[in-house]
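The values are calculated or read from the model by the stated rules, or taken from the named source; none is laboratory data. Since we're looking at a predicted model, the values are computed, not measured. Glycine gets a Cβ as well: all are built from the backbone with ideal geometry, and neighbour counts include every protein chain shown.
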Amino acid sequence: MATWIVTGGAGFIGGNFVLEAVRRGVRVVNLDALTYAGNLDTLASIADADHHVFVHGDIGDGECVERLLREYQPDAIVNFAAESHVDRSIDGPAAFVRTNVVGTLNLLEKARDYWRGLDAARRDAFRFLHVSTDEVYGSLGPTGKFTEQTPYAPNSPYSASKAASDHLVRAFHHTYGLPTLTTNCSNNYGPFQFPEKLIPLMIAKGLAGEPLPVYGDGLNVRDWLYVGDHCAAIRRVLEAGRVGETYNIGGDAERANIEVVRAICRLLDERRPLPDGIARESLITFVNDRPGHDRRYAIDASKIKRELGWQPTVTFEEGIALTVDWYLDNQAWVRRVLDGSYRLERIGQG
Ligand code: NAD
């Protein structure tokens, strides 16, 4: 049985990744600091699995990381742990530097020391996979796509902190030979996403019949990838990616924010019509744009497709319908996030 240390595995993407890895029989040591974005409810279905160990701890805590490496002797580390919300990074960048930069550096140093102590066969097989974002490349004009060769040009404190962590990962490969892999993915959506992000926020507000706030003119474009496809890409990179390389991951699904919100409105109107037949599109309200808001992101994922045979399996239209249905079917999960009760679970976590 392979053993992976997964960091940030109580968050959105990390949670989806851990659920699937545990279902596939991987022993997962899940290290998560349970910030506001960490939610143990997400892991309820594997609470009794013997091969899932949840550890409440910080990737920046050297002793904790060292102890886990010694105790569990992992074959890989997959680093999802991060402060991830752009708006929060504008209000308070320091936490982003602490976790995304200093925390990742700590993880790299401990991983390097552990990896050096392994026997030759295990040293060859060990992997450190760092999960990152397409936002490190900055903003595109109306044409073109980000490739792995696109120069970094981060524009928000969030993307700057992720860019710094990507550079450290690269340096640890080049300087110490640590077998690293980096993935840069576009916007994810799907089950268990915290309702501060565009899609779950619009679903929650739309369901409640509240105004739907859209930044600026709503024409900022993102590429969207269903979270299950992102997790499959990470597994594939872990399995067959070339060490020291980076892989762009995307869904070939560019949509303007306003199109995404309209799609959600249509699905909610079909599934849960508002009284008096009010169309949810009429609730769309344009609000002041986010400072420094990148206009367009688009990913060229041809490298991972060509080298590793990965491709997205869920179209945006399928994925958005699956996501709306998941939120409608899991209102208890949403309610506990919205009323804050999901955080009470943390007390007493060792
Ligand atoms: P998230 O905010 O939902 O989850 C982050 C998790 O990390 C939470 O469980 C949180 O408690 C944990 N965490 C935060 N600080 C920590 C620390 N110091 N030590 C240990 N755990 C800590 O984030 P997400 O959307 O699931 O993103 C996961 C990763 O994927 C991030 O690295 C992010 O940059 C990257 N990413 C996200 C997207 C996206 O669309 N959401 C796209 C591309 C890449």
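Quick one: in the stretch 1-46, of everything that is outside any loop (DSSP other than H, G, I, E, B), aliphatic (A, V, I, L, M) and within 9 Å of the ligand (Cβ to nearest atom), which residue is surrounded by the most Cβ atoms within 10 Å (Cβ to Cβ)?
Keep residues of the stretch 1-46 that are outside any loop (DSSP other than H, G, I, E, B), which gives 3-7, 12-23, 27-32, 40-46.
Subset that is aliphatic (A, V, I, L, M): 5-6, 13, 18-19, 21-22, 28-29, 31, 40, 43-44, 46.
From what's left, within 9 Å of the ligand (Cβ to nearest atom): 13, 31.
Numbers: Ile13: 22, Leu31: 28.
The residue in question is Leu31.
Out of the helices (runs of 4 or more DSSP H) lying entirely within the stretch 263-350, which hold 3 or more residues that are more than 28 Å from Tyr36 (Cα to Cα) and touching a Pro at 6+ places or on another chain (Cβ under 8 Å)? Outline the logic, then answer.
On the way: elements: 302-308, 316-329, 331-338.
Where helices (runs of 4 or more DSSP H) fall fully within the stretch 263-350, none carries at least 3 residues being more than 28 Å from Tyr36 (Cα to Cα) and touching a Pro at 6+ places or on another chain (Cβ under 8 Å).
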> Out of all the residues in the stretch 109-118, is one or more at pLDDT 95 or above, in contact with a Phe, Trp or Tyr (Cβ under 9 Å, 6 or more places away or on another chain) and within 16 Å of the ligand (Cβ to nearest atom)?
Replying inline: yes
> For Glu318, which of the numbered conditions (1) of a type outside the set (Gly, Ala, Ser); (2) within 21 Å of Phe192 (Cα to Cα); (3) surrounded by 21 or more Cβ atoms within 10 Å (Cβ to Cβ); (4) in contact with a strand residue (DSSP E or B) (Cβ under 9 Å, 6 or more places away or on another chain) fails to hold?
Replying inline: (3)
> Looking at (1) within 12 Å of the ligand (Cβ to nearest atom); (2) at pLDDT below 95, can you tell me which one Pro142 breaks?
Replying inline: (1)
> Any idea which of Thr150, Thr99 is at negative phi, among the hydroxyl-bearing types (Ser, Thr, Tyr) and more than 12 Å from the ligand (Cβ to nearest atom)?
Replying inline: Thr150
>> Could you tell me how many of the residues in the stretch 47-71 are surrounded by 18 or more Cβ atoms within 10 Å (Cβ to Cβ), away from the ligand (no atom under 12 Å from the Cβ) and part of a helix (DSSP H, G or I)?
In response: 1
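If you take the residues of the stretch 163-191 that are of a type in the set (Val, Ile, Thr) and within 16 Å of the ligand (Cβ to nearest atom), which of them is surrounded by the most Cβ atoms within 10 Å (Cβ to Cβ)?
Applying the first criterion (of a type in the set (Val, Ile, Thr)) to the stretch 163-191 yields 169, 175, 180, 182-183.
Next, only the ones that are within 16 Å of the ligand (Cβ to nearest atom) stay: 169, 180, 182-183.
Values: Val169: 25, Thr180: 28, Thr182: 25, Thr183: 24.
The qualifying residue surrounded by the most Cβ atoms within 10 Å (Cβ to Cβ) is Thr180.
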>> Can you tell me which of (1) in contact (Cβ under 8 Å) with a residue 60 or more places away in the chain; (2) out of contact with any His (no Cβ under 8 Å at 6 or more places or on another chain) is the one Gly177 doesn't meet?
In response: (1)
> What are the residues in the stretch 294-346 that are of a type in the set (S, T, N, Q) and closer than 30 Å to Tyr247 by Cα, if any?
Replying inline: Ser302, Gln311, Thr313, Thr315, Thr323
> Do you know which residues across the stretch 163-201 are among the hydrophobic types (A, V, I, L, M, F, W, C) and over 18 Å from Tyr297 (Cβ atoms)?
Replying inline: Ala164, Leu168, Val169, Ala171, Phe172, Leu178, Leu181, Phe192, Phe194, Leu201
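Please indicate, with yes or no, whether at least one residue in the stretch 207-217 is within 12 Å of the ligand (Cβ to nearest atom) and either touching a helix residue (DSSP H, G or I) at 6+ places or on another chain (Cβ under 9 Å) or not in a loop (DSSP other than H, G, I, E, B) (or both).
First pass over the stretch 207-217, keeping only residues within 12 Å of the ligand (Cβ to nearest atom): none.
For the stretch 207-217, residues within 12 Å of the ligand (Cβ to nearest atom) and either touching a helix residue (DSSP H, G or I) at 6+ places or on another chain (Cβ under 9 Å) or not in a loop (DSSP other than H, G, I, E, B) (or both): absent.
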